[in-house]
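Let me begin by presenting the structure, written as structure tokens, before commenting on it.
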Amino acid sequence: MWFQMVSLVLDVVAGLLAGTCLLRLLMQRQRISFHQPVGRFVFALSDWLVLPLRKIIPSWSAWDLSSLAGAWLIKLAQVSLLWLVSGGHAPWFLLPWFSILSLLQLMVSALSALVLVYAVMSWISPHSPLNDLVLKLVEPILRPIRRVMPLIGGIDLSPLVLLLALQMVGIVLMGLQMGGLR
């Protein structure tokens, strides 16, 4: 029971902090303005980690690798704390591998949520300022699917295809993580 409560709290805190680092990475990659409420929120939650990392980890092309490293370090801390709380049953040298898998699972979950928000907002509130932000984040990922999959009866099913693919990736990641524990 205690492990589950600690795990939940760590998952929420690490997910929020690592998620904002990943959102910062994606917003910078897409050149989305940070002079808006979501951008200010992302800066407020990630500056403490990303700015010091930026001094030692350079950007690569348009990718802010310090944001990615920050997200990974947060997940590594989460996995390490869970490992300690659980009694350290798994080999310690697997912790970086588990943190990478955990980060990938966070990416899949966050992208799934973003696609769901995109789909709902496109029907309910297509002219919302938040819709513009979500559109800029999701469109580059949906564009290749749309090239292959045409509209069916005037309906764009590319978000559904992406969600299905993300769920399959999530299942593979979970299998890899469970396989590493055996």
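The values are calculated or read from the model by the stated rules, or taken from the named source; none is laboratory data. Just so you know, these numbers come straight off a predicted model, no measurement behind them. Please note: Cβ atoms are built from the backbone with ideal geometry, for glycine as well, and neighbour counts cover all protein chains shown. Ligands, DNA and RNA are stripped out before the accessible areas are found, and what is left, the full protein with its side chains, is counted by its heavy atoms. Shrake-Rupley method; radii C 1.70, N 1.55, O 1.52, S 1.80 Å.
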Considering only residues that are basic (Lys, Arg) and over 29 Å from PRO37 (Cα atoms), look in the stretch 127-182 and name the one that is least open to solvent (accessible area, probe 1.4 Å). ARG146
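Here is a yes/no grid of residues against (1) more than 19 Å from the chain's Cα centre (by Cα); (2) over 18 Å from LEU17 (Cβ atoms); (3) assigned to a loop (DSSP other than H, G, I, E, B):
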residue	(1), (2), (3)
ALA113	no, no, no
HIS127	yes, yes, yes
ASN131	no, yes, no
VAL138	no, yes, no
LEU142	no, yes, no
What's the number of the only condition in (1) over 21 Å from the mean Cα position of the chain (by Cα); (2) open to solvent by less than 30 Å² (accessible area, probe 1.4 Å); (3) hydroxyl-bearing (Ser, Thr, Tyr) that SER86 fails to meet? (2)
Answer yes or no as to whether VAL108 is open to solvent by 70 Å² or more (accessible area, probe 1.4 Å), within 30 Å of TRP2 (Cβ to Cβ) and in contact (Cβ under 8 Å) with a residue 60 or more places away in the chain. no
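Looking at SER46, SER33, SER99, SER80 in this structure, which one is closer than 28 Å to PRO129 by Cα and crowded, with 16+ Cβ neighbours inside 10 Å?
SER46
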Considering the stretch 61-95 alone, what residues qualify as being among the small types (Gly, Ala, Ser) and without any contact (Cβ under 8 Å) to a residue 40 or more places away in the chain? SER61, ALA62, SER66, ALA69, SER80, GLY87, GLY88
Testing ILE57 on (1) in contact with a helix residue (DSSP H, G or I) (Cβ under 7 Å, 6 or more places away or on another chain); (2) open to solvent by 30 Å² or more (accessible area, probe 1.4 Å); (3) of a type outside the set (Lys, Arg); (4) farther than 30 Å from PHE34 by Cβ, one condition comes back false. Which one is that? (4)
